[in-house]
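The values are calculated or read from the model by the stated rules, or taken from the named source; none is laboratory data. Just so it is clear, the structure is predicted and the values come from calculations on it, not from any experiment. Backbone-built Cβ (ideal geometry, glycine too); neighbour counts: all protein chains shown. Heads up: the accessible areas ignore ligands, DNA and RNA and are worked out on the full protein's heavy atoms, side chains in. Shrake-Rupley method; radii C 1.70, N 1.55, O 1.52, S 1.80 Å.
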Amino acid sequence: MTHNNFWLKKIEISVSEAEKRTGRNAMNMQETYTAYLIETRSVEHTDGQSVLTDSLWRRYSEFELLRNYLLVYYPHIVVPPLPEKRAEFVWHKLSADNMDPDFVERRRIGLENFLLRIASHPILCRDKIFYLFLTQEGNWKETVNETGFQLKADSRLKALNATFRVKNPDKRFTDLKHYSDELQSVISHLLRVRARVADRLYGVYKVHGNYGRVFSEWSAIEKEMGDGLQSAGHHMDVYASSIDDILEDEEHYADQLKEYLFYAEALRAVCRKHELMQYDLEMAAQDLASKKQQCEELATGTVRTFSLKGMTTKLFGQETPEQREARIKVLEEQINEGEQQLKSKNLEGREFVKNAWADIERFKEQKNRDLKEALISYAVMQISMCKKGIQVWTNAKECFNKM
Amino acid sequence: MEGERRASQARSSGLPAGGADGDSPGGSAPFPGSSGSSALLQAEVLDLDEDEDDLEVFSKDASLMDMNSFSPMMPTSPLSMINQIKFEDEPDLKDLFITVDEPESHVTTIETFITYRIITKTSRGEFDSSEFEVRRRYQDFLWLKGKLEEAHPTLIIPPLPEKFIVKGMVERFNDDFIETRRKALHKFLNRIADHPTLTFNEDFKIFLTAQAWELSSHKKQGPGLLSRMGQTVRAVASSMRGVKNRPEEFMEMNNFIELFSQKINLIDKISQRIYKEEREYFDEMKEYGPIHILWSASEEDLVDTLKDVASCIDRCCKATEKRMSGLSEALLPVVHEYVLYSEMLMGVMKRRDQIQAELDSKVEALTYKKTDTDLFPEEIGKLEDKVECANNALKADWERWKQNMQNDIKLAFTDMAEENIHYYEQCLATWESFLTSQTNLHLEETSEDKP
């Protein structure tokens with residue numbers, strides 16, 4: 001995939017290799033991990049040739065760091081998800097081991113896809129940290145941490161609180177949240193059943209392989225039937241072993257669906273940010289309203305709102321007019337400030353909604369295209385499986401006929 | 001020898017994890033667990049004790065049955081059977097047509113049993129009429145088989161379906177079991193009818209034509225229980241002695257039978273297992289399609305695509321169902337019959353050996369005991385005739401049986417292959433039409449965008 005960005009030239013990104021390594025972790029213990037080679041090539045406009053400009057090794061945790069950074073700095077963007085950390089939705093033959101070569105291979109592809117998604121995003125591709133991720137091997141982690149993004153991150157508790165107490169979130173975001181919940185639930189279900197179907201299909205194919213062996217042994221005692229049996233048995237073996245490739249292809253299809261399963265979480269993150277901002281706004285407005293009220297009461301002498309000062313005044317005696325003046329002045333200043341803040345929060349909120357919604361529209365188009373393509377590729381896989389089946393059984397039938 | 005050559009070509013080890021010929025497709029390493037699990041599948045198939053299908057008569061869902069002119073299926077009247085292709089290599093016209101149908105339950109104070117209606121249509125002179133209808137129960141079939149074995153000890157009598165199921169059956173008389181048995185009994189009688197010698201057996205005729213009371217009184221005649229027991233004792237004794245002088249051709253026959261028995265039993269297990277796996281696949285597939293419909297409810301732009309995928313999956317599901325029924329229709333009964341046949345054959349070999357043993361022991365006695373030898377030569381002469389008769393009968397029947405076996409097996413497996421081809425063709429058509437409709441839609445959309 002090629003696209004314009006930081007480099008002022010079209011570039012190609014690939015995660016081309018995976019390697020097992022050992023090293024020491026944060027607690028100074030030996031650990032084994034997999035490192036992935038990321039190669040960046042810039043493409044010359046004139047002749048389309050690509051030149052290797054950068055190549056470095058990264059491990060999964062560094063990808064996670066990159067993503068967490070992007071989540072904080074681009075809360076209005078639906079940030080592409082990473083491939084799964086641990087193998088899920090496995091069926092009996094598939095290994096759940098992170099070190100398993102097939103899992104590593106699928107993860108390699110998933111990580112490449114992740115980088116390509118970022119590189120093709122109109123906003124994310126311009127990010128400096130992303131650029132450095134691809135070009136600066138050493139010190140990159142320190143650079144990211146120096147941005148202090150962890151401090152800027154919203155606390156989970158705060159976000160949760162906001163979700164429950166926000167009064168007037170934009171309806172589109174509420175709908176989006178429901179959509180993402182449904183998407184997550186239905187894709188999970190689909191992947192679970194698909195895994196079971198794969199398991200059963202594997203069984204059907206593999207048992208036929210037993211025919212191969214028995215036919216072969218039987219053919220030894222048969223004169224006329226022998227040849228037919230023997231060659232039919234061979235086709236049964238071919239049939240039985242064909243399922244491995246078929247299911248490997250299907251695993252890629254499952255990965256495509258998984259990406260959108262994880263995208264659901266990214267969508268929810270944007271919704272949460274909106275809720276947080278909206279809640280903040282509502283709180284600020286409420287606070288402002290209450291201060292205005294207080295001010296008014298002080299000015300007119302009526303006490304309708306509760307205030308500590310008011311209580312103590314009641315208990316310990318009236319305050320002097322000077323004191324009251326001072327308080328009113330303080331409040332008026334606060335109200336001014338508050339109004340400024342409210343204005344800017346409002347602006348921020350509207351900007352956020354506008355930008356977020358633009359990205360969501362972009363995401364929707366991407367999702368529709370990708371899912372449609374995935375479903376079509378599933379059909380193509382089925383077609384290929386059927387064609388193989390027809391061929392094998394036609395051959396077997398010929399052999400049976402000859403018996 | 002041909003047989004040996006083939007034996008050396010036969011693959012020695014079990015199922016390889018990758019490809020059959022070593023040309024493993026794709027670059028990926030074989031999955032770590034795969035050789036273990038395929039061996040497991042083999043082990044599961046071979047393990048006699050664990051396999052729950054061991055002694056079960058395969059179950060079939062009668063509702064899935066497909067009508068097929070080769071099967072001893074259903075109420076094709078005997079006359080319409082004239083139009084059926086003969087499944088045995090009999091020359092000329094059949095003149096004896098038998099159907100077994102209408103199982104009925106009878107309850108008495110002592111027991112409950114099932115009877116089957118047997119209709120016979122014939123043009124043979126020795127039959128008093130051209131059409132007969134009687135009711136028989138399984139016991140009667142057992143009796144008939146016993147009589148045939150008695151009269152023709154070295155002929156290959158067709159097998160009867162098993163008496164009862166040891167494992168996995170709650171009720172002795174569930175519908176599947178009865179239907180399976182009925183078909184097997186139908187096959188049993190027809191095989192006898194098609195046998196050049198057995199078809200003229202007197203007990204067979206009585207079985208087909210006698211009324212219930214006639215049959216009971218006839219059964220009471222003939223060699224009693226004790227003499228039959230005596231025969232059995234002698235047979236066991238002689239088989240324990242071993243046969244020293246078994247002629248070469250019968251040695252070969254015996255070897256064949258042993259190996260054949262092994263192989264056909266394995267094939268029976270494998271076929272049952274395939275049916276089971278296909279059934280479980282079908283069960284999962286049934287759930288798979290509807291999820292796409294569920295999904296389509298939340299996706300405006302993908303509704304059609306998702307619904308189409310769901311309907312493709314459902315159609316493939318139906319095709320799987322059909323494939324399963326084809327398997328249980330064409331393959332399983334045939335393979336199972338030959339499992340029973342192989343047991344039969346071992347019995348036939350024993351009986352032949354026993355007849356020869358009688359001769360051998362008399363000859364031995366003659367060689368060592370010089371007294372009482374006057375009657376021996378005559379007796380020995382008779383026994384020699386008996387042995388020669390038995391051997392010839394067996395030889396002839398053996399050739400006939402082998403020929404039939406080849407045809408039946410060939411047909412059964414060809415049918416299975418046909419079912420699979422048909423299954424994949426159906427699925428292919430389904431998905432291809434989906435693909436076409438998606439591409440057409442795309443073309444329509446893009447052409448609409450153009451100004």
Using Cα pairs under 8 angstrom and six or more residues apart, how large is the relative contact order of segment B:96-223, in percent?
26
Estimated inter-spin distance, A:E351 and B:E300, nm [label 7 Å along Cα→Cβ]:
2.9
Grab the DSSP H runs of chain A that are 4 residues or longer, score each as -39,500 (n - 2.57), total them, divide by all residues and round the 222 nm result to the nearest 500 deg cm²/dmol.
-24500 deg cm²/dmol
What net charge is computed for the residues neighbouring B:L266, neighbours being all others with C-beta under 9 Å from the C-beta of B:L266, Lys and Arg scored +1, Asp and Glu -1?
+1
Cα long-axis angle, helix A:321-402 against chain A (0 to 90 degrees, to the nearest 10)
10
Given a cut-off of 31 Å, name the pairs among B:K219/B:K362; B:K220/B:K402; B:K386/B:K410; A:K85/A:K152; A:K397/B:K307; B:K163/B:K382 whose C-alpha atoms lie farther apart than that in the structure shown.
B:K219/B:K362; B:K220/B:K402; B:K386/B:K410; A:K397/B:K307; B:K163/B:K382
With a bin width of 5 angstrom, please list the P(r) values of segment B:96-223 as percents of all Cα-Cα pairs, from the 0 bin to the one holding the largest distance.
2, 10, 20, 23, 21, 14, 7, 3, 1, 0
Which GluC sites (Glu not before Pro) in segment A:208-276 pass both tests, a DSSP loop state and at most 16 other beta-carbon atoms within 10 Å?
A:E224
What order do A:Y73, B:Y275 take when sorted by accessible area (1.4 Å probe), most exposed first?
A:Y73, B:Y275
Dipole of segment B:248-449, positive end: most advanced residue of B:N440, B:A365, B:L428 [Cβ charges, Cα centre]
B:A365
GluC sites (Glu not before Pro) restricted to DSSP loop in segment B:244-316 with at most 10 other C-beta within 10 Å
B:E300
Averaged per residue, what accessible area in Å² does segment B:255-305 show with a 1.4 Å probe, protein chains only?
38
Could you state the orientation-averaged shadow area of the convex hull built on the Cα atoms of segment B:248-449, in nm² to one decimal?
15.6
Using a Förster radius of 45 Å, what is the FRET efficiency between B:S216 and B:K318 based on their Cβ-Cβ separation? Nearest 0.05, please.
0.35
How many angstrom lie between the Cα centre of segment A:70-121 and the Cα centre of segment B:130-149?
70
Obtain the nm distance between the two label points defined at A:L342 and A:Q391 by a simple spin-label model: each point lies 7 Å from its Cα along the Cα-to-C-beta direction.
7.3
Cα axis of helix A:60-73 to longest principal axis of chain A: angle in degrees, 0 to 90, nearest 10?
30
Kirkwood Rh over alpha-carbon pairs of chain A plugged into Stokes-Einstein at 20 °C, 1.002 mPa s gives a D in µm²/s of 80
How high is the FRET efficiency between A:R24 and A:N68 when r is their beta carbon distance and R₀ equals 30 Å, given to the nearest 0.05?
0.85
At R0 = 35 Å, how high is the FRET efficiency between A:D287 and A:D181 if r is their beta carbon distance? Nearest 0.05 is fine.
0.65
Summed residue charge, Cβ within 13 Å of B:T436's Cβ, Lys/Arg positive, Asp/Glu negative
-3
At a probe of 1.4 Å, how much accessible area disappears from chains B and A on forming the pair, both sides counted, to the nearest 100 Å²?
7500
To the nearest whole number, what is the average tally of beta carbon atoms from other chains within 10 Å of the beta carbons of peptide A:230-239?
3
Under a plain spin-label model, where a point goes 7 Å from the Cα along Cα-to-Cβ, how far apart in nm are A:V43 and B:T439?
2.6
What angle, in degrees between 0 and 90 and rounded to the nearest 10, separates the Cα long axis of helix A:226-300 from the longest principal axis of the Cα atoms of chain A?
0
Test of understanding: what is the full-extension gain from A:R59 to A:A358, defined as 0.36 nm times their sequence separation minus their Cα-Cα distance?
104.4 nm
